[in-house]
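Note sheet for the following structure.
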Amino acid sequence: MDDRILKRRADENGNLDSHYSLHKDKKTLQELIDYLQNYLIENESQWMEQHFELVHRQSFQFTSLKVIQQFCTNLMAKFPYKIFNSLDFTSIPKKSLVQLIKSDSQMKEIEVWEHVLKWVRPYQKLFKRQFMKIY
């Protein structure tokens, strides 16, 4: 990685020199983002798997996080059970849940239902209230 990413130089007024300013050098900023994404995947992948929903949701809010987006997509396709066992599994969107279930052709029907029930459990009170309003 280019050393100028890590160096900051200020003039006598405390303003950053435009040559080293990350905000004015988009290429350098993207290099830093790519470096950080690779660092996270190489060194914090276990944490990212445990907090999959948060990482997945946040990464897809920014187009510059393509490396982490690909990490999430690959994880869903190759290791869906890791998603089912993540700490925030019950927070994944319905669309992602359906995609996960479809991607794991080895999963038994009982396992599918167990995951669906685990996913819906936090919403049980909400469904009950909505059901009571209908009747």
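Among all residue pairs at least 6 apart or on different chains, which show Cβ distances below 9 Å where the first residue, located in region 97-122, is among the aromatic types (Phe, Trp, Tyr) and the second is not in a helix (DSSP H, G or I)?
From region 97-122, the pairs are TRP119/ILE92.
Could you tell me which of the residues ILE33, ILE41 is of a type in the set (Val, Ile, Thr) and under 17 Å from PHE79 (Cβ atoms)?
ILE41
Looking at GLN69, GLN124, which is the one that is in a helix (DSSP H, G or I) and under 20 Å from the mean Cα position of the chain (by Cα)?
Among GLN69, GLN124, only GLN69 is in a helix (DSSP H, G or I) and under 20 Å from the mean Cα position of the chain (by Cα).
Test GLN30 against the stated conditions and say whether it is under 26 Å from LEU117 (Cα atoms) and either open to solvent by less than 20 Å² (accessible area, probe 1.4 Å) or not hydrophobic (A, V, I, L, M, F, W, C) (or both).
Taking the combined requirement at face value, the residue does not satisfy it.
Please enumerate the residues belonging to region 42-95 that are of a type in the set (A, V, I, L, M, F, W, C) and within 23 Å of GLN106 (Cβ to Cβ).
PHE52, PHE71, CYS72, LEU75, MET76, ALA77, PHE79, ILE83, PHE84, PHE89, ILE92
Could you identify the single residue in ILE101, ILE110, ILE83 that is assigned to a helix (DSSP H, G or I) and open to solvent by 60 Å² or more (accessible area, probe 1.4 Å)?
Criteria check complete, one pass: ILE110.
Answer with yes or no whether PHE62 is open to solvent by less than 60 Å² (accessible area, probe 1.4 Å) and under 13 Å from the mean Cα position of the chain (by Cα).
no
With respect to LYS133, determine if the residue is closer than 25 Å to SER45 by Cβ and either at pLDDT 85 or above or assigned to a helix (DSSP H, G or I) (or both).
No.
Got a sec? Which of SER59, SER45 is farther than 19 Å from VAL116 by Cα and without any contact (Cβ under 8 Å) to a residue 24 or more places away in the chain?
Sole residue among the options that is farther than 19 Å from VAL116 by Cα and without any contact (Cβ under 8 Å) to a residue 24 or more places away in the chain: SER59.
The values are calculated or read from the model by the stated rules, or taken from the named source; none is laboratory data. Since the model is a prediction, treat every value here as computed from it, not as a measurement. Positions of Cβ are generated from backbone atoms using ideal geometry, with glycine treated the same way; all protein chains shown enter the neighbour counts. In case anyone asks, the SASA skips ligands and DNA or RNA and just uses the protein heavy atoms, side chains included. Shrake-Rupley method; radii C 1.70, N 1.55, O 1.52, S 1.80 Å.
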